[in-house]
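Values in this text are rule-based calculations from the coordinates and carry no lab data. In this text the structure is predicted, and so the values were computed from the model without any measurement. Here the Cβ positions follow ideal geometry from the backbone for every residue, glycine too, while neighbour counts run over all protein chains shown.
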Ligand code: FES
């Protein structure tokens, strides 16, 4: 199980966290990975100036935008052998 958490604190919210969450959600659906990926929102990670902040398992990734989601998904999720 891969855990993806998207910060939905106020700073990340303003920087587009909901778009990032929607983009991840669409990819999880597209690749039919809902059984192996746990997608959730979480609270402020304390790195508000670097938002949107996401966490994939124990790795924190900063400055995520909706446009970057597919590349991150490909690199961190699809290549980790979850598929
Ligand atoms: S609001 Fe996302 S890191 Fe603070």
### Query
If you line up the long axis of helix 17-30 against the longest principal axis of the chain, both from Cα atoms, how many degrees apart are they, to the nearest 10?
0
### Task
List the residues of the stretch 58-74 whose backbone N lies under 17 Å from a point placed 7 Å from the Cα of residue 49 along the Cα-to-Cβ direction.
62-64
### Overall dimensions of the chain as given by Cα atoms, namely Rg and Dmax in Å
11.6, 33
### Task
Looking at the stretch 1-81, send over the antiparallel percent of its DSSP beta bridges, to the nearest 5.
50
### Task
Please give the length that would be gained between residue 74 and residue 10 if that part of the chain were fully extended, namely 0.36 nm times their separation in residues minus their C-alpha to C-alpha distance (nm, one decimal).
20.3 nm
### Estimated [θ] at 222 nm from DSSP helical runs (n ≥ 4, -39500 (n - 2.57)) normalised by residues in the chain, nearest 500
-7500 deg cm²/dmol
